[in-house]
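Below: one structure, written as structure tokens.
The values are calculated or read from the model by the stated rules, or taken from the named source; none is laboratory data. Since this is a predicted model, take the numbers as computed values, not measurements. As a convention, Cβ positions derive from the backbone with ideal geometry for all residues, glycine included, and neighbour counts pool all protein chains shown.
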Amino acid sequence: MSSSSMKKNWVRGESLGSGSSATVNIAIPTNPSTHNFPSPTAVKSSLFLTSYSLKTEKDVLDILGPSPNIIKCYGNDCTVENGKRYYNVFLEYASGGSLADQLRKYGGRFPEAYVRRRTKSILEGLKHIHSKGYVHCDVKPQNILVFDNGVVKIADLGLAKRRGEINREYVCRGTPMYMSPESLTDNVYESPVDIWALGCTIVEMITGEHAGTLEAARILGR
């Protein structure tokens, strides 16, 4: 879908969340009979001048192509709202929120069968990302989205990088609690860092605690 085809076809609806540089809302079509993206659709927006990460996410999703384990992207556009220019990316809407939301809602300690199914889906998504020559670099429960049929999909690829590409010294990719030793000490970000982060996420699903905590170790040691 081209950028221009989506301009003036929607308005910003309910807030779904926000991060350090982007907000996520429901995109409401202004003319349901002619709009050309699914309803509901999520729109992720950044101020245009600080939208590098969001543009990276859009570019990487385009390169990755369709995968049942990675969030779909429907297009992008630019808008001017309250005198400010925004870059917007239209994404598949996940009614269940993120895996982190599910952990908060249910207190963690998911059944083993649930953890196995979710882990398999995430692994298949990571396999696809790696096969296309990329590393996600920020796998964590907040970046795994949950759909109403229980399916989970990988999202938030704004920190992704090409495999084999040297990481610039001043660029920290990821969230410290989920970063591998080689990322923290040697500034190395290759496919294994995603598997490390997935391991941390699995521990969190099983215990309800971050992988590095004594409480998580106590629960796993039972």
Discussion item. Cβ contacts < 7 Å: first residue of a type in the set (Val, Ile, Thr), restricted to segment 47-61; second residue in a strand (DSSP E or B) and modelled with pLDDT of 95 or more, any location; separation 6+ or different chain. Result?
Written reply: VAL60/TYR134
Worksheet item: Which pairs do you get when a residue that is in the same structural domain as THR175 (by TED's automatic domain parsing), found in segment 194-222, comes within reach of a residue that is modelled with pLDDT under 90 and assigned to a helix (DSSP H, G or I), reach meaning Cβ atoms under 6 angstrom, with the pair 6+ apart or on two chains?
Response: VAL203/ALA216; THR207/ALA216; THR207/ILE219; GLU209/GLU215; GLU209/ALA216
Worksheet item: How many residues are modelled with pLDDT under 95, in a loop (DSSP other than H, G, I, E, B) and buried (at least 18 other Cβ atoms within 10 Å of the Cβ) if we restrict to segment 61-84?
Response: 0
Worksheet entry | Failed item, numbered, when ALA211 is tested on (1) more than 21 Å from GLY108 (Cβ to Cβ); (2) assigned to a loop (DSSP other than H, G, I, E, B) | (1)
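Residue-wise test of (1) surrounded by 18 or more Cβ atoms within 10 Å (Cβ to Cβ); (2) part of a helix (DSSP H, G or I); (3) not basic (Lys, Arg).
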{"residue": "GLY13", "(1), (2), (3)": "no, no, yes"}
{"residue": "SER39", "(1), (2), (3)": "no, no, yes"}
{"residue": "SER46", "(1), (2), (3)": "yes, no, yes"}
{"residue": "ASP59", "(1), (2), (3)": "no, yes, yes"}
{"residue": "TYR86", "(1), (2), (3)": "yes, no, yes"}
{"residue": "VAL89", "(1), (2), (3)": "yes, no, yes"}
{"residue": "ALA94", "(1), (2), (3)": "yes, no, yes"}
{"residue": "ARG109", "(1), (2), (3)": "no, no, no"}
Worksheet item: Within the group TYR170, TYR178, which residue is out of contact with any Pro (no Cβ under 7 Å at 6 or more places or on another chain) and at pLDDT 90 or above?
Response: TYR178
